[in-house]
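Asks: Encoded as structure tokens, here's the structure I'll be asking about.
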Amino acid sequence: MDSQASHRHRRRRTRLGGVLLLLLAGLWQSPLPAQPAPVGDSGTATRQRGLEDESAALDTSRAEIEARRGEIQRLRSGQDQRLVDAAMVDEARLALESARVQQESARLDAVAAERRVSDLQGSIQRQDDQLKSLRSGGGGDQSPAKREAAIATAEAALKDLQNQLALQRQQLDNLNQRADLARQRQTLAEEWYSLLQERYLSQQERSRKQALEDLEQRLAKAQEEQMARANKLREQLRQLPAEGKEGERLLLEGQIQEVEEGVYLLQLQLKGERLRTLVGNLEQALPDLDVSGEVLDTARTDLGARLGELRTALDLARRKQSLLQQQIQVLEKRQALSPEIQKQVERERQLLDQLAKRFDTQIKQLEPLLEQAQARFDAIDAAYRESVKRGLTVRHRLPGDLAAWGDLANELAGLPRVIADALLDTALKLRGALAQADVGRWLLFALLELVLLAVLLPLWRMGTPDGAAIAATDNFTLRFIRVGLALLHGSRLALLVGGSLLLLAWITGAAPPAQGIILLLGSLWLGTVLLVGLSRWLLVSELVPVERRQHGMHRLVRGVTAVAALFAVVVMLGHLGFFSTTLRDLLDRLFMVFLLPLIFVSLRLRTVLMDSVRERMRRQWAQLLSLLSFTVPLSMLAAAVLGLVGFINLAWSVASHLGWLLLVLFVWLVVRGVMRDLVNSLKSLVVERTHNGLLWAQGVIDPLQKLARVVLALVALAVLFRLYGWGAESAVVVTLKQWLDAPLFSIGEISVTLRQLLGTALTLVVVIWLGRWARQFTYRWLYARISDLGVRNSLSVFTQYALVLLGVLIALNTMGIDLTSLAIFAGALGVGIGFGLQNIANNFISGIILLVERPIRTSDWVTISSNQGEVTRIGMRSVTVTTWDNQDVIIPNADIISTAFINWTRSDNYVRTVFQVGVHYRSDPRLAQKVMLEAVNAHPAVVAQPEPRVYLIDFGASSVDFRVHYFVDVRRHSPFQVKSEILFAIWDALRQAGIEIPFPQQDLYIKEWPERTHPPAVADMPEGAA
């Protein structure tokens, strides 16, 4: 590398010295600005001879230029098969630099000659004015003789100046011709240098490629020989007896390992040579890295792939070398312990030691190459990023003076003529290509045209789409297919004409500008028809309710799309090279201005679409989509503003990124809708055709659908990154990696990065979701044969806890926390439990006891303290009881373990209901008991065992009291509903039997009446008083 660098420095010094010599020679040979020649015939003749010599030199230069043009033509056509070396390339470069110097010298001489001609014209004008003044009698009181002498002198001076002007004009013509020849010589020198450099690089690349192929063949042959030797050694190893021959077995195993690792070293050497060849090609092809961004990106990608391949191989080689050192140490110990096989062990140790040295030599040879390639990759990557940045941030400026604006206005006025000429030229080129096409091309065109007609024929036969029928379809896939066919039906003419013209241009081999114009016109025609049709279906068709149809918006979209298509034709013609760069930049800016009405259209369309989306999506997702939908008009606004201020490349980049985003979003929505329909169809089929269809649909298909949605979103994101060109080595991805890998904080000696936090959060989310799914899946599938629901619930909960615990361990590992250090953490956790976490730990352990001992189970009827209801959930920290008032009471697990509670359904599902009924004293109590017992037994919800009972329990103050109790299966019937129905039945039965249910009453006995003047009337006396 040092010798190559010094050689390049010597070549640069040589070229610099040659350029300086040529510059001095050009200045020496260049004619100085013409000075007035001495008055007389001898000076004129001398200058005339000089001009003749210059004309002869020009003829010689023309002959040399024609000869050089012929050499270039022969070199380009391949007639000249000369071998080009570095000296020829340096000579061509020196000639190019000399031609540039001569061209600049000739230009300066022509400018000086023009200035001298202008000066001579001024002198002639002044001399002529002086002569006219003398002839008209001017000049004062001179005598006639003196006036005649002065006139003669003036006439001679005027004639001399006129002769000088003629000679100077002739010299200016020669200088202009010399400048034109110098420009031609410079152009030919550039072309000659480019051809020589291209051939030299091609020869060098072929030479390196041939050397690499020869090396690959030699290495492949050596690899085959080594593999054949390894097979022979394996065969010898198989033929050894199972017992004995331990020393020979060790020696054969060592030889086999030597051969196999030798093969790996050959592969490693081949990878190194491939990288060395690529680096050499890049150093010659891109010496100064002054090329386009696309070339730099390709070189960066290829070099990065080779670098990664060799770096991985070197890492593996280092691990193999370390393993060999460990094997050598083991053999040294074995040699001391097994003296009977000491010789074989020593020989195997020597083999492994030689193999380790070979690895060390190969690694040391490839490490400098890896560093060189990495340095080259860094330089190319930096140049690529700078090229991208420079291309995006370059500002295209408008003309700065009135003359340039006038030229631009004239070109803009002639824009229709240029467009017409471009279309006419396209038609002529297409006709010329058709005239030169042979029979084979015509047959191929006819065959492809028939295929196109066969594809489009169903669209022609298809009738007008029925919008009402499409709107009546609930299936998204069918609706999408029908709308798509309707759009294709409306654009069948554009497909036929545009496809036929493009096929014709491609088959006949028309010139690339013609193919580009045909493709441009056809694609814009088809795109306009499709956009207008899509606007109709989304805004005014039968798919939209009548009250939401936007006829005005549809007309606006149709007009804007048509104008945009016409303007896009003009802009794209400018990018195809039909206009000047200044006019193209102006058209780009005007197109960015045209984005402003599109922003208004996008905002209106966003409102319409969001109204439809809100009815079909959850509220939080609809709000998120509403916020994200603002990116479309904002991006269009940003592109318009950037284009207006002159950042055309950046504006087009924003617009293209927005277009790819909308395309990927559209495809994602379509695929998501189709996938949803397929899943619904599969669920319906499974439910109808299988025994446990509902379990399959809810336990397997639904989770897989959610997983498929996540995978689809990731695929869409990856496709979007690929379309944006954001590869692993792109500036965006590299910057993103830097942000993700930047340390945020430290836990002891562990630095926590954003990547680790996101990975941990994602792991926890996935594990929690998997835990919930595993609990439901195991409860309904894996443990379905367990009849005890409590056991099933406990096992499913334990499965969930196990998955969550595993996920926590994985998350800790993702954070970079060593799991072996958890013992210290457990000790600290014990101290924390002893102080602040005592209640949490108590509830957690109590929850485990509840799951193992199962004093309560899910759906049990319990009474805990003053809370009575059904157990709906047993968690890690608490139990949830739903009371009869439909209130969820959260009870800590520790309270259940430490206090007494009632479980009404622990042993069975039968719960007793007790209530009292009183009958009148005038009624027969035995008949009342019989009637009530029959009414209770007649209810279907009352179980036969234990039997219902009716007991006489008391003689009350107003009634004879009975106690009724019966048992109900609370899993099947509501106790409150059953009690209400039985009470109604007892009421009806007692009334039919003539048995009264008394209301509370009290008898009043009066011992004596107070004295009165007359006795009370009998009607005034209380009942029963006598």
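Asks: Could you tell me whether any residue of segment 829-847 is modelled with pLDDT under 75, in a loop (DSSP other than H, G, I, E, B), farther than 21 Å from Phe798 by Cβ and touching a helix residue (DSSP H, G or I) at 6+ places or on another chain (Cβ under 9 Å)?
Replies: Yes, segment 829-847 contains a residue that is modelled with pLDDT under 75, in a loop (DSSP other than H, G, I, E, B), farther than 21 Å from Phe798 by Cβ and touching a helix residue (DSSP H, G or I) at 6+ places or on another chain (Cβ under 9 Å).
Asks: Determine which member of the set Leu539, Leu556, Leu534 is at pLDDT 80 or above and either over 27 Å from Gly643 (Cα atoms) or under 32 Å from the mean Cα position of the chain (by Cα) (or both). Don't jump to the end; show me each part of the working.
Replies: Numbers: Leu539 fails: at pLDDT 80 or above; Leu556 fails: either over 27 Å from Gly643 (Cα atoms) or under 32 Å from the mean Cα position of the chain (by Cα) (or both).
Exactly one of Leu539, Leu556, Leu534 is at pLDDT 80 or above and either over 27 Å from Gly643 (Cα atoms) or under 32 Å from the mean Cα position of the chain (by Cα) (or both), namely Leu534.
Asks: Conditions: (1) part of a helix (DSSP H, G or I); (2) closer than 28 Å to Leu598 by Cβ. Val544 meets all but one. Number of the miss?
Replies: Unmet for Val544, out of (1) part of a helix (DSSP H, G or I); (2) closer than 28 Å to Leu598 by Cβ: (1).
Asks: I would also like to ask the following. Output the number of residues of segment 463-477 satisfying the condition of being within 28 Å of Trp668 (Cβ to Cβ), of a type in the set (A, V, I, L, M) and touching a residue at least 24 places away in the same chain (Cβ under 8 Å). Show your work before the answer.
Replies: If we filter segment 463-477 for residues that are within 28 Å of Trp668 (Cβ to Cβ), which is where we start, we get 465, 467, 469-477.
Now drop any that are not of a type in the set (A, V, I, L, M), which leaves 469-472.
From what's left, touching a residue at least 24 places away in the same chain (Cβ under 8 Å): 470-471.
Of the residues in segment 463-477, 2 are within 28 Å of Trp668 (Cβ to Cβ), of a type in the set (A, V, I, L, M) and touching a residue at least 24 places away in the same chain (Cβ under 8 Å).
Asks: Look at Val111 and say whether it is assigned by TED's automatic domain parsing to the domain that holds Asp173, over 30 Å from Ala152 (Cβ atoms) and in contact (Cβ under 8 Å) with a residue 40 or more places away in the chain.
Replies: Values: assigned by TED's automatic domain parsing to the domain that holds Asp173: yes; over 30 Å from Ala152 (Cβ atoms): yes; in contact (Cβ under 8 Å) with a residue 40 or more places away in the chain: no.
In short, no.
Asks: Continuing with the same structure: Can you find a residue in segment 479-492 that is more than 25 Å from Ile518 (Cα to Cα), of a type outside the set (Phe, Trp, Tyr) and loosely packed, with under 14 Cβ neighbours inside 10 Å?
Replies: No.
Asks: Within segment 960-968, identify whether any single residue is surrounded by fewer than 15 Cβ atoms within 10 Å (Cβ to Cβ) and either on the phi > 0 side of the Ramachandran plot or at pLDDT below 85 (or both), and answer yes or no.
Replies: no
Asks: With the requirement that a residue be touching a residue at least 12 places away in the same chain (Cβ under 8 Å), assigned to a loop (DSSP other than H, G, I, E, B) and surrounded by fewer than 15 Cβ atoms within 10 Å (Cβ to Cβ), what does segment 888-904 give you?
Replies: Thr899
Asks: Just name the residue that is farthest from Leu195 (Cα to Cα) out of those in segment 95-122 that are surrounded by fewer than 17 Cβ atoms within 10 Å (Cβ to Cβ) and of a type in the set (Lys, Arg).
Replies: Arg115
Asks: When you scan segment 470-528, how many residues do you find that are on the phi > 0 side of the Ramachandran plot and touching a Ser or Thr at 6+ places or on another chain (Cβ under 6 Å)?
Replies: Initial filter on segment 470-528 (on the phi > 0 side of the Ramachandran plot): 509.
The next check asks that each one be touching a Ser or Thr at 6+ places or on another chain (Cβ under 6 Å); those that pass are none.
Of the residues in segment 470-528, 0 are on the phi > 0 side of the Ramachandran plot and touching a Ser or Thr at 6+ places or on another chain (Cβ under 6 Å).
Asks: All but one of (1) without any contact (Cβ under 8 Å) to a residue 60 or more places away in the chain; (2) under 26 Å from Met572 (Cα atoms) hold for Leu669; state the number of the condition that does not hold.
Replies: (2)
Asks: How many residues, within segment 932-959, are out of contact with any Pro (no Cβ under 8 Å at 6 or more places or on another chain) and assigned to a strand (DSSP E or B)? So that I can check it myself, show each step before the final result.
Replies: Of the residues in segment 932-959, the ones out of contact with any Pro (no Cβ under 8 Å at 6 or more places or on another chain) are 932, 934-935, 938-941, 943-951, 953-956.
Among the residues that remain, those that are also assigned to a strand (DSSP E or B) are: 949-951, 953-955.
The number of residues fulfilling the criteria is 6.
Asks: If you go through segment 174-187 one residue at a time, do you hit one that is farther than 30 Å from Leu134 by Cα, in contact with a Leu (Cβ under 9 Å, 6 or more places away or on another chain), modelled with pLDDT of 75 or more and surrounded by fewer than 17 Cβ atoms within 10 Å (Cβ to Cβ)?
Replies: No, that holds for no residue.
Asks: Which one is surrounded by the most Cβ atoms within 10 Å (Cβ to Cβ) among residues in segment 910-926 that are aromatic (Phe, Trp, Tyr) and modelled with pLDDT under 90?
Replies: Going through segment 910-926, the residues aromatic (Phe, Trp, Tyr) turn out to be 910, 915, 921.
Next, from what is left, pick out any that are modelled with pLDDT under 90: 910, 921.
Values: Tyr910: 16, Tyr921: 13.
Per the criteria, the residue is Tyr910.
Asks: Specify the residue that is nearest to Trp506 (Cα to Cα); the eligible residues are those in segment 421-470 that are among the aromatic types (Phe, Trp, Tyr) and surrounded by 13 or more Cβ atoms within 10 Å (Cβ to Cβ).
Replies: From segment 421-470, those among the aromatic types (Phe, Trp, Tyr) are 442, 445, 460; that's our starting set.
Subsequent filtering for residues that are surrounded by 13 or more Cβ atoms within 10 Å (Cβ to Cβ) retains 442, 445.
Values: Trp442: 11, Phe445: 9 Å.
Out of the qualifying residues, it is Phe445.
Asks: Considering segment 627-655 alone, what residues qualify as being over 20 Å from Asp585 (Cβ atoms), part of a helix (DSSP H, G or I) and within 19 Å of the chain's Cα centre (by Cα)?
Replies: Scanning segment 627-655 gives Leu628, Thr631, Val632, Ser635.
Asks: Checking Ser878 against (1) within 30 Å of Ile995 (Cβ to Cβ); (2) crowded, with 19+ Cβ neighbours inside 10 Å; (3) among the polar types (S, T, N, Q), only one condition comes out false. Which one?
Replies: Of everything listed in (1) within 30 Å of Ile995 (Cβ to Cβ); (2) crowded, with 19+ Cβ neighbours inside 10 Å; (3) among the polar types (S, T, N, Q), Ser878 misses just condition (1).
Asks: Mind telling me which of the residues Phe962, Phe967 ends up being in a strand (DSSP E or B), in contact (Cβ under 8 Å) with a residue 24 or more places away in the chain and in contact with a helix residue (DSSP H, G or I) (Cβ under 8 Å, 6 or more places away or on another chain)?
Replies: Working: Phe967 fails: in contact with a helix residue (DSSP H, G or I) (Cβ under 8 Å, 6 or more places away or on another chain).
Selected residue: Phe962, the only one of Phe962, Phe967 that is in a strand (DSSP E or B), in contact (Cβ under 8 Å) with a residue 24 or more places away in the chain and in contact with a helix residue (DSSP H, G or I) (Cβ under 8 Å, 6 or more places away or on another chain).
Asks: Something else: Evaluate segment 401-409: report whether one residue or more is touching a Leu at 6+ places or on another chain (Cβ under 8 Å), among the small types (Gly, Ala, Ser) and either in the same structural domain as Leu519 (by TED's automatic domain parsing) or surrounded by 12 or more Cβ atoms within 10 Å (Cβ to Cβ) (or both).
Replies: no
The values are calculated or read from the model by the stated rules, or taken from the named source; none is laboratory data. Since the model is a prediction, treat every value here as computed from it, not as a measurement. All Cβ positions, even for glycine, are placed from backbone atoms using ideal geometry, and neighbour counts span all protein chains on display.
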